[in-house]
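Below is one structure, written out as structure tokens; the observations come after it.
The values are calculated or read from the model by the stated rules, or taken from the named source; none is laboratory data. All values reported here derive from a predicted model rather than from experimental measurement. FYI the Cβ positions are ideal-geometry reconstructions off the backbone, even for glycines, and counts take in every protein chain you see. Only protein heavy atoms, including side chains, enter the accessible area calculation; ligands, DNA and RNA are left aside. Shrake-Rupley method; radii C 1.70, N 1.55, O 1.52, S 1.80 Å.
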Amino acid sequence: MNNKDSRPNLYALLVGINEYHSKDVKSLKGCVNDVDAIEKYINSRTDFQLNVIRLINKEATRVNIIERFKNLLGSAKGGDTFFFFFAGHGVQEKTTIEAFSKVEIGRKFESLICHDSEPLYPEKIEYTCLADKEISYLISSLYKKDVHIVLAFDSCHSGNISRNQHAVRSLEKGTIPERAWEGFCFSEMISEEKARTVEDISEIIPESPHILFSACKDDEVAKELRFSKAGKSGFFTYSLTLFLMENKRISYRNLESRLVNFMRGIHSQTPHCTYKLPERWMKNMPFLGGAIDHFISLYEISYNPKQKWVLPIGEIHGLNTSHKVKVFGYKKGVFITGIEAVYSTFSKVIIPAGIDLQKTRGYSCEIELNPQNPIRINIQAGYEEEISDTRKRLEAEYLEGINPYFQFVEEDENPGYILHIMDSHYKLSFYNNPRAIVPLISKSNLRALNMLYQYMVHIGKWESFLYRLPTEKGIHPGSQQKPEKLPVELKIFKKDMVTKEFEEVFVKDGRIEFLSGERFILKLVNQGADSFYCSLFYFSSSFSASDELFSDRVIFLNPGDEAWVHDGKYCHFRLSQSQIQNNWRENREFMKLIISTDNYISDIMNMENLPEPDSVNSYFVYDKDNDLTNSVGPERGSNERRSSEGKWASYNYEFCIINPDYAPNE
């Protein structure tokens, strides 16, 4: 009989430092309590074989932390989990290394202060802090396939913020000087010369999959508070373990949402989660890994004492008080309710009388983000009867008479799209261009109308998001902002084919032209006086929307900070072979910049692409009089006034990809 334990291993390194050797670093009160709370949660995870190491106060030296980190992560195999928890002081370090500065916003490392660290004396190379780049190096050098890695830091790096009535976990002296190269744990493996000459940090420190929970954003402090007679605890760790003990298999997505809602609503501390994952769906995994629950909801309402029951979506996501919310998981079944108030990044939900929800848990919900202006589709066919019949069948079977994402209009009512009813197929195209934009749908297909309906809804959602305008009470009142008026600007640099140097590209009315395959690099620069959360979405001509241009999805920029898209790697747009063969003059792709003074969840706005049309049946010879410039419908967005606690704005950039081989007379 084989009694071998088949459970995966959980290797956990828990570090808590109340007392520091350096006189420049003040003592803390709650870090050891934080380790105790996290260890209690870990011991409750009976689905793992546990391997836990604690490093407390004097034990938590730089050498000990690195060695235990290497030993534990090095022991993990495929299917195992490695968890590193740190409670203590954090600090920022300057860097002048170009490869690092492209991925470190503000040219600063974020570092953890070990018990024996001397943060104000970087020349003491044996007693430097533990930099985030060193942690990245340790992970990349020890990573094995299918090992799940999770980090959680209850510390902060906003060293220029003075202490208040609460103890905070940051050094008061501000950003510390740059350390000598020998002060990095990888200095013997990677030469300083190589680090200063590479353009891409991944050449020396490859990025490996992991998830990082941080206690607060860069300009906030990680607070210590008294929650019980046992003494102080980190506010982040208290909140984290509160939700983990309530639901040990809570998903990363829902855990992040509850933490942000709960902590922001009590003490204006905003936790942040960074996902370095190969697949987006992995955010639905339970904390510390495991099988994904069968039912996963994008949205969840949760409680905080200030705003009560809250949805983590708001004006930025297109929500308004007319929307209805269907809530699941209540002990008496499903109930439907409304929205009381909408703010920039979240909304208050009405809880009907008699509904008693449990405040420590979240409730999954469904909500349809209906646009204010649906796309306009004109139906064309050889016979009027076909038009009328198709329209009636769609409206009766799928639309119930009304659809928020598209509407059928006559040809003189400014349509953006055409539904062509052909002898044997349905075809969707832009109004000014006869090429199919999705695969032709055979009339003999029993799901033909359903497929057609799904395509039109998807395109309607895509346009709704692309052309959604900022609030009138946003950063600048009025319509969508010009990029030169936004405090955060997208700067574009194109490589000169002769000099091989990058030169800044002039952006005129949000439009930029490139030859197919031409290389460029992008960066965001905060030129304003406020700090902003920023995301950059890529909208493809196959009707997808993705926030993955930055690995953190939503980045935080202080005044003067800059951040390189794709860590400064080259980008390019390229026409497909079929587009070139069919003599397209140009194609258009889009990027949308969203900035907000409040943190927000961006990934719920992602959209998968629609299937591309068949290159033989769907592409037609390009007519020189049919230009794609006006093929997408007019810019649209709601001008209704909205109430908002935060400021936000957006701007669209249009990238026009030119076919260098275009022949105008063909």
The one condition in (1) open to solvent by 20 Å² or more (accessible area, probe 1.4 Å); (2) farther than 26 Å from Thr241 by Cα that Asp356 fails to fulfil: (2)
Do we have Glu246 as among the acidic types (Asp, Glu) and farther than 18 Å from Val310 by Cβ here? no
Residue count, the range 57-67, condition open to solvent by 80 Å² or more (accessible area, probe 1.4 Å) and farther than 11 Å from Gly16 by Cα, comes to 1
Going through the range 24-60 in order, the residues found to be at positive phi and of a type in the set (Lys, Arg) are none
Asp5 meets each of (1) in contact with a strand residue (DSSP E or B) (Cβ under 7 Å, 6 or more places away or on another chain); (2) of a type outside the set (Lys, Arg); (3) at pLDDT below 95; (4) surrounded by 18 or more Cβ atoms within 10 Å (Cβ to Cβ) with one exception, condition (4)
Looking at the range 13-30, which of the residues that are touching a helix residue (DSSP H, G or I) at 6+ places or on another chain (Cβ under 9 Å) and more than 14 Å from Thr241 (Cβ to Cβ) is most open to solvent (accessible area, probe 1.4 Å)? His21
Residue satisfying all of: in the range 84-127; at pLDDT below 75 and of a type in the set (Val, Ile, Thr); most open to solvent (accessible area, probe 1.4 Å) among these: Ile105
Read through the list (1) in a loop (DSSP other than H, G, I, E, B); (2) in contact (Cβ under 8 Å) with a residue 24 or more places away in the chain; (3) open to solvent by 30 Å² or more (accessible area, probe 1.4 Å), then give the number of the only condition that Lys332 fails. (2)
Identify, please: which residue in the range 212-249 is among the β-branched types (Val, Ile, Thr) and touching a helix residue (DSSP H, G or I) at 6+ places or on another chain (Cβ under 6 Å) and is, among those, surrounded by the fewest Cβ atoms within 10 Å (Cβ to Cβ)? Thr241
Selected residue (criterion: nearest to Gly30 (Cα to Cα)) from residues of the range 176-199 that are touching an Asp or Glu at 6+ places or on another chain (Cβ under 7 Å) and not basic (Lys, Arg): Ile176
Test: residue in the range 540-553 that is part of a strand (DSSP E or B) and under 16 Å from Ala649 (Cα atoms): no
Using the structure shown, decide if Met263 is of a type in the set (A, V, I, L, M, F, W, C) and open to solvent by less than 10 Å² (accessible area, probe 1.4 Å). yes
Got a sec? Which strands (runs of 3 or more DSSP E) wholly within the range 209-259 have at least 1 residues that are modelled with pLDDT under 85 and of a type in the set (Gly, Ala, Ser)? 223-228, 231-234
Quick one: in the range 359-373, which of the residues that are crowded, with 16+ Cβ neighbours inside 10 Å and under 18 Å from Pro312 (Cβ atoms) is modelled with the lowest pLDDT? Leu369
Note: among Thr390, Thr337, just one is at pLDDT 85 or above, more than 25 Å from the chain's Cα centre (by Cα) and more than 19 Å from Asn450 (Cβ to Cβ), namely Thr337
Restricting to the range 566-593, and then to whatever is in contact (Cβ under 8 Å) with a residue 60 or more places away in the chain and under 17 Å from Ser546 (Cα atoms), can you tell me which residue is most open to solvent (accessible area, probe 1.4 Å)? Asp567
Single unsatisfied condition, Leu515 versus (1) open to solvent by less than 20 Å² (accessible area, probe 1.4 Å); (2) modelled with pLDDT of 85 or more: (1)
In the range 335-353, what count of residues is obtained for those that are assigned to a loop (DSSP other than H, G, I, E, B) and either among the basic types (Lys, Arg) or loosely packed, with under 14 Cβ neighbours inside 10 Å (or both)? 2
Taking Ile601, is it outside any loop (DSSP other than H, G, I, E, B), open to solvent by 20 Å² or more (accessible area, probe 1.4 Å), out of contact with any Phe, Trp or Tyr (no Cβ under 7 Å at 6 or more places or on another chain) and β-branched (Val, Ile, Thr)? no
One residue from Val621, Val616, Val632 being modelled with pLDDT under 60 and surrounded by 19 or more Cβ atoms within 10 Å (Cβ to Cβ): Val632
Does Glu207 satisfy the criteria of being in contact (Cβ under 8 Å) with a residue 40 or more places away in the chain, closer than 27 Å to Asp146 by Cβ and either more than 23 Å from the chain's Cα centre (by Cα) or open to solvent by 60 Å² or more (accessible area, probe 1.4 Å) (or both)? yes
